[in-house]
Each structure stands twice: as C-alpha cells, then as structure tokens.
1. Relative contact order of segment 1-71: what whole-number percent is it, with Cα pairs under 8 angstrom and at least 6 residues apart?
2. Given labels modelled 7 Å from the Cα in the Cβ direction, how far is it in nm from Asp65 to Ser132?
3. What's the center-to-center distance, using Cα atoms, between segment 192-213 and segment 1-74 in Å?
4. Once every DSSP H run of n ≥ 4 in the chain is given -39500 (n - 2.57) and the sum is divided by its residues, what mean residue ellipticity at 222 nm do you get, rounded to the nearest 500 deg cm²/dmol?
5. In square angstrom, rounded to the nearest 10, how much accessible surface does Glu83 have for a 1.4 Å probe?
6. As a test of reading the structure, rank Lys53, Lys207 by solvent-accessible area (1.4 Å probe, protein chains only), most first.
7. Per residue, how much accessible area does segment 1-131 show when a 1.4 Å probe rolls over the protein heavy atoms, in square angstrom?
8. For Arg104, Arg20, what's the largest-to-smallest order of accessible area, 1.4 Å probe?
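The values are calculated or read from the model by the stated rules, or taken from the named source; none is laboratory data. Predicted model only: the values in this text are computed from it and were never measured. Don't worry about glycine lacking a Cβ; one is built from the backbone with ideal geometry, like all the others, and counts go over all protein chains shown. Ligands, DNA and RNA are stripped out before the accessible areas are found, and what is left, the full protein with its side chains, is counted by its heavy atoms. Shrake-Rupley method; radii C 1.70, N 1.55, O 1.52, S 1.80 Å.
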Amino acid sequence: MRTPVITLNFKTYRESSGERGLALARICEEVAQETGKSIVIAPQQIDLSLIAKEVGIPVLAQHVDPVGEGSFTGHISPAAVKESGAIGTLVNHSERQLSHELIRLTVEKCREVGLESVVCANDIEMGKVAASFGPDYVAVEPPELIGGDISVTSANPDVVSGTVEKVKEVNPKVIVLCGAGVKNGEDVRKAIELGTEGVLLASGVVKAGDPKEALLDLARGL
Ligand code: G3P
C-alpha cells in the first residue's frame, strides 16, 4: 500500500455487499484517481475476487486463515487470496480476533505468499505484541469507539500516539494506522499529526448518505 493511506473496511454492511460493494469500490477508485490519494479497500470476502479484478486500487481481504494449499475445508487460504488479486489482508480485526499464536502464523503465511498484513490491535499493549510478529502494518482501534460518532483521534489521542511510539520501539519498519469513529478530513489530519501513516475506517463512508463526498473530505485530510 502507498502511504499515507485511507483504508476502507466494507465489513458485512448491506451497503457494501455484492453489486453495492462493487459500486462502492468504483467510487473509491474514482476518488483515488481524482485526488491522487492512496485509497485501499477491504471488501467482503465473498466479493473479493470480483472487486479485485474490476477496480484499479489495492484490495485487501478482511481475514485469512494460516493454511496452505491442500486438504483444508472452509478456510480462506492466503495463496488463494493472493491469486484473487488482493495485495494483503487485515488480521485480528476486533470483530475477528485471533490468539497471539494464530496472528503470528497468519503474518508468517502472508509473508510466504507475498501478501501484506495489517494486524489490528485494540490497545497499545496489543500493538506491541502485533509489531513483534513483523507485519507490514499495525492498526490500532479501540473497540468501544468502533462504529461510533467520535473519532479515536479526539476521544483517545494517547492510544494513537502511544501505539506509534511503542510499535516503532519494537520494530521501526512497521507502519501504524488508526481507526474507530473516523469520519472526516479533520480526523485524518489528526491521525497523521499523531504519527500514523493513515486510517482504517468503515461506517463513516459505508453508511454515509453520499460516500463519494465523505471520501473526498477524508482525502483532503491526508
Ligand atoms: O476496520 C475499521 C473499523 O473497525 C472502524 O469502524 O465504523 O468506526 O469506522 P468505524
């Protein structure tokens, strides 16, 4: 991913499912082209392959399992995600939490197949643990602020700057993002000011009356 970045997680919202997900992905692509800013999307797993083929912006999975190719049923293999055209994946999202060992294995598997990993962390401590596994990104998102109206950058700026500081102590190469309640360009501007290289968000765009306008506003903060 090119940073600074706006990363949009489609979650399983109705507004970002199927055809509506593809339409939203096209809006993201349009805004990325018009503004020259880096916008990355994480569509629903079921739509991943289609969307990755249809749009020219980077696409992430929302989750992968640390399995190889072969006798594994009902798993999402990193190799298949890579082949679908995705460039990386979220790992350990607050709504899809994993044990530390599974996070470690997932990051390792992603590296093996050439997928970037964005490991989510609920707090500073978890940010440190995540960084120790050597992912490409750590995204700090306090769960109590997810889906809310107040951005983490205003409600808890210390968790953002604290995560940047601790992650860099563990591994200076790991890039830090933040999310939860991020809605507008001012939130993005603060996120950058607090030391991150971008944001991870969902409802501020997916649930917006005018997602394109919401994205344009976010992009102005980068
Ligand atoms: O992955 C993004 C996320 O959990 C934050 O969600 O709706 O607060 O932007 P939201």
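1. 33 percent
2. Label-label distance for Asp65 and Ser132, simple model: 2.7 nm.
3. 15 Å
4. It lands at -12500 deg cm²/dmol.
5. The value for Glu83 is about 150 Å².
6. Lys53, Lys207
7. About 44 Å² of surface per residue is accessible.
8. If we order Arg104, Arg20 from most to least accessible, we get Arg20, Arg104.
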